[in-house]
Amino acid sequence: MPEGILYGVGVGPGDPELLTLKAVNVLKTAEVLCIPQSHRHKESTAYAIAREHLPQDCALLTLFFPMTREQETLKKSWEQSCSQVREQLDQGRRVVFLTIGDPMLYSTYIYISRQLKQEGYKAEVVPGIPSFCAAAGAAGFPLGEGEGKIAIIPWGPGTNTLPQELQQFDSLVLMKVAPYLETIRDVLTESGFLKDSVLVDKCGYEDEEIRDFSLPLQDHNGGTAREVSYFSLILARKERL
C-alpha cells in the first residue's frame, strides 16, 4: 500500500484569491480533507475558501478543537485528532489539514504534525499568507523598514507585557486582541505606539473593517462601533521623535 502523507495547507486570512498556486495544486489531489473546528455546528471558514478546488470524491474529516486554555482538554482533543488522521495515513491516503493563515503560526496543525512526524509519518507544509501581512497590505501599513525590529505578540489573560519592554521594537503585531482592547490601548499609550496604530478586523472577508486605533472605537456616524471579532489584530509603530 502507498505511504500516506499529511499536508498542512495554509489558506490565507480569508480572501479566496489569496490562496497560493501550490495550495490549489495540493487541494486538487487531496483524498481526505481535515477540517479543524472550534464549534461543532459552525461552518469552517477554511473549508469555505478551499471547497471549490477539491476533488468531488474527497472525503471530509472534521476535527474538533475546543476554544479553551485547559491543558488536559486540549491534550485530549489533540490525541483524538491524531488518531483520526493516523487512521487515514495508514490507508496510504493524501491527507490535507486546512489552516487559516499559515500552518506554522499559532495553528493546531503544529501539534498534530509534530506528534505524527515523531511516529514516522510524512508531513509537509504549504505556507499561507499570514493575517498580519494581509492586514498590513489592506491598511497600507508598513511593518518593517530598514533595520527596524518587529514583535509579534498573541494577547491573552496571561500577557504581562510592560510598556518599557516594547521600547526595543519599532513595530508591533498584536494578535487575539478582541477581549483586551482597553488594556492594549493603555499599554500602547504608555509605550508610545498608540498614535500610529490600526485595528484590522476580518481582513479578507466581505465585512473587513480597518480603524484608526488611536481614536475612540466608534462607527462612521459617531455611534458605538460593532463588536470586534476573533479575527482581529492590531498593528502599531513607535512614534518618531
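The table below lists the values:
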quantity	calculated
Nonlocal amide H pairs with Phe65, under 5 Å, H built at 1.01 Å	Gln37, Ser38
Aspartates and glutamates whose Cα lies under 18 Å from that of Lys238, excluding same-chain neighbours fewer than 8 positions away	Glu145, Glu147, Glu165, Asp170, Asp186, Glu190, Asp196, Asp212
222 nm mean residue ellipticity, helices alone, for the chain (DSSP H n ≥ 4; -39,500 (n - 2.57); rounded to 500)	-8000 deg cm²/dmol
Two-site label geometry, Glu17 and Met104: point separation in nm, points 7 Å out along Cα→Cβ	2.8 nm
Low-density loop cleavage sites - GluC sites (Glu not before Pro) in region 102-189, where at most 13 other Cβ are within 10 Å (DSSP)	Glu119, Glu145, Glu147
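Since every read-out is calculated from the coordinates, none of them should be taken as a lab result. Source: prediction; values computed, not measured. All Cβ positions, even for glycine, are placed from backbone atoms using ideal geometry, and neighbour counts span all protein chains on display.
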